[in-house]
Amino acid sequence: MGSPVLGIDLGTTNSVVAVARGGRVEVLPDAEGNKLFPSVVSFHPTGSVLAGYPARERRLVDAANTVYSIKRLIGRPYRSEEVRRARERFPFAFQEGPTGGPLVVARGETYTLPEISAFVLRGVRAQAEEALREPCRRAVVTVPANFNELQRSATKAAGRVAGLEVLRILNEPTAAALAYGCGANNKRERVAVYDLGGGTFDLTILDLAGDVFEVVATAGDTFLGGDDIDVLIADEMVAALLAQHRYDARGDLQAYERLRAAGEWAKCQLSGTDDVELTVEEVGYASGGSSIDLRFSLSRAHLEAVAGPLITRTFDVCEEAMRTAGLRPTQIDQVILVGGSSRMPSVRRMVADYFGREPLASIDPDLVVAQGAAIQGASLAAQPEAAASDGATAIGRVALRKMPKVSLPAQEALKAGPAFQPKRVPTPRVETQRPAPPAMGNTLDVDALDLLPLDEETTGLHGATIELDALQDLERPANDDRAVDLDQDPVLDTIALPPTAMAPLLLDVTPQTLRIETVAGYTEVIIERNAAIPVEQSRIFITSQDFQDSVRARVCQGESRKLVENQELGAVELTQLNRTPRGKTKIEVTFVMDADGTLQVRAKDIATGAEQSIRIDLVGAVQPDEIARMQQRQQALVG
């Protein structure tokens, strides 16, 4: 029997680890009984590295060397808007890494963001091993549903650096639905998961039927969460400090960090009380050297007024998901609250008003995702190793079935000269679950780049056929269609695990459109947003130069036709092509998105049938040779 499979919710503010054993799914506490592990890493003057509660305490005295909320930035290029905003707000320093990703600078050393997350995961793993009294090397790790390929890859890399084999990257909303036992009554139901955490928000709509969990649509904002509310409260405290002492804490990063921490504490208290008063001692010092203390009071009503615009933004995201799914809020059967920020009474009221029903919140919203991940981990641990089909990760047995080729009107022949204006024709709608990607309607210069789309024929997989063999159905406790022990406290931190192996069929979707660069900074769609995964899509391209033996194009995610307006993932390089006049070599580019959202790319020379070697260099990704080096550094720093 192998080691237990942990369920880990790697959160922006806190992380949680759970495991399924003894017929229960339980969250594993530390030696003091704490079930939340702060996602904070501090680099101590002695050279050691702290994670969790000791690191969070140092945030108050050494903000420049204490790193937090890194989940918001993982997998993002250094020059992205999100990283630019973070550099302005966070007290610790960043610099651009050799692969284009951000590096954290602490005590003269640089660290990749996956390495920072790995310190947290290593601490969580140590907490689990202490609780279970056995080694833990395998895990299911959750991510927001709208995480892109870079962010998922970076999370996997963090797990490897922490010494974990990540069996599955699981969407947080799907994990929450698993924990609540949705779909247990074998009736089809639509479930919306409202996930408002410390740094991110997403709304995911699932269509459940028995043990089939299909994501219909997802939308989100990875820069919207409790951290933003903390900043608003801190700004209120800055104003109060100015009024009381004429002292501006914004000029002192350490002082401002203490106000943010106090604001977070006040926010949490106001979920259970109407008013809170606090004193922050020695925020700064007056000209004579005497200390400046802040006395501050905050009411729940005022907090709700301040945070109201941010909470309202979450419902813009909800509307986006509803439009994608073709549903209205009243057509949702169940609503699940996830994330610590969903504890705010105003959030619960607004969610109930929007959906026209009270949301489910009987399981602790801070713990529910890790518990769902542990259920999925138990399922994977109980199954024999299943080989993936066509490069897709299997849940049970996953079989991808190709759709027939679709013939499209031929593209106008290439003309001689430095540029041409191809005649664009609309791409016909394919009679499958999802429409074929639309053709671009722009005039493009072909000399600058290597690939042109060929619209003579398009191949692709617009869905997946999934077959499950020899997997038992989920048994649930009698008179309990939610698989939750409702006889316990109103908010649960331990839930029941059915006695038989659970094997849910998880059908997720791509959070954003996957594209490839073509000409003049424009892109062509390969896999559409909200396409059911696992999925495989192919497009055929032609070379744009005479006798070229390789091509290189950038891959991105996003909804714009312009490359610069999307999230660049990296570069695809195809080598050893047949040397022919331009337009004669046809290259079939195939994107394969497996069951946990990991992207693979391959190419084939149509004339010879030979598979060509390709390489994806993810922007900011951790290279394989770096992982071993980071593992060694972590072992030296934290033991």
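Observations, loosely collected:
- Pair list, Cβ under 8 Å, 6 or more apart: the stretch 69-96 residue of a type in the set (F, W, Y), other residue open to solvent by 50 Å² or more (accessible area, probe 1.4 Å) and not in a helix (DSSP H, G or I): Y78/Q95; Y78/E96
- Filter pass, A352 being part of a helix (DSSP H, G or I) and farther than 21 Å from P144 by Cα: yes
- Candidate set from the stretch 71-92 (those that are farther than 20 Å from R258 by Cβ and in a helix (DSSP H, G or I)); member that is most open to solvent (accessible area, probe 1.4 Å): R87
Conditions (1) charged (D, E, K, R); (2) at pLDDT below 95; (3) more than 15 Å from E236 (Cβ to Cβ), marked per residue:
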| position | (1), (2), (3) |
| --- | --- |
| E282 | yes, yes, yes |
| G288 | no, yes, yes |
| G308 | no, no, no |
| R313 | yes, no, yes |
| A325 | no, yes, yes |
| R328 | yes, no, yes |
| R349 | yes, no, yes |
| G356 | no, no, yes |
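- Leading residue by the ranking (modelled with the highest pLDDT) among those in the stretch 594-615 that are closer than 20 Å to P114 by Cβ and open to solvent by 60 Å² or more (accessible area, probe 1.4 Å): Q600
- Applying the condition of being farther than 30 Å from R343 by Cα and not in a loop (DSSP other than H, G, I, E, B) to the stretch 271-292 and asking which residue is most open to solvent (accessible area, probe 1.4 Å) yields Y285.
- Selection count where residues are among the charged types (D, E, K, R) and either without any contact (Cβ under 8 Å) to a residue 60 or more places away in the chain or touching a Pro at 6+ places or on another chain (Cβ under 6 Å) (or both), scope the stretch 325-351: 3
- Entirely in the stretch 149-233, the strands (runs of 3 or more DSSP E) that have 3 or more residues that are of a type in the set (A, V, I, L, M) and open to solvent by less than 10 Å² (accessible area, probe 1.4 Å): 189-196, 201-209, 212-221
- Considering only residues in the stretch 132-148 that are in contact with an Asp or Glu (Cβ under 8 Å, 6 or more places away or on another chain) and open to solvent by 10 Å² or more (accessible area, probe 1.4 Å), the one that is farthest from N171 (Cα to Cα) turns out to be P135.
- Within the stretch 108-121, tally of residues that are open to solvent by 10 Å² or more (accessible area, probe 1.4 Å) and within 21 Å of P38 (Cα to Cα): 2
- Among residues of the stretch 97-153 being at pLDDT below 95 and β-branched (V, I, T), the one that is nearest to R58 (Cα to Cα) is T112.
- Flag if G22 is on the phi > 0 side of the Ramachandran plot and open to solvent by 20 Å² or more (accessible area, probe 1.4 Å): yes
- The residues of the stretch 361-370 that are out of contact with any Ser or Thr (no Cβ under 8 Å at 6 or more places or on another chain) and either within 19 Å of T273 (Cα to Cα) or surrounded by 21 or more Cβ atoms within 10 Å (Cβ to Cβ) (or both), listed by number, are I363, D364, D366, L367, V368.
- Residues of the stretch 539-562 classified as under 20 Å from T590 (Cβ atoms) and either assigned to a helix (DSSP H, G or I) or open to solvent by 30 Å² or more (accessible area, probe 1.4 Å) (or both), total: 3
- Taken over the stretch 565-589, the criterion of being over 29 Å from E81 (Cβ atoms) and touching a residue at least 60 places away in the same chain (Cβ under 8 Å) is satisfied by R582, G583, K586, I587, E588.
- Number of the condition not met by G339 [criteria: (1) surrounded by fewer than 18 Cβ atoms within 10 Å (Cβ to Cβ); (2) out of contact with any His (no Cβ under 8 Å at 6 or more places or on another chain)]: (1)
- Which listed residue, of E536, E524, is over 16 Å from A217 (Cα atoms), crowded, with 24+ Cβ neighbours inside 10 Å and charged (D, E, K, R): E536
The values are calculated or read from the model by the stated rules, or taken from the named source; none is laboratory data. All of these numbers come straight from a predicted model, not from anything done at the bench. Cβ sites come from the backbone with ideal geometry, for glycine too, and all protein chains shown count toward neighbours. Heavy atoms of the whole protein, side chains included, go into the accessibility calculation; ligands, DNA and RNA do not. Shrake-Rupley method; radii C 1.70, N 1.55, O 1.52, S 1.80 Å.
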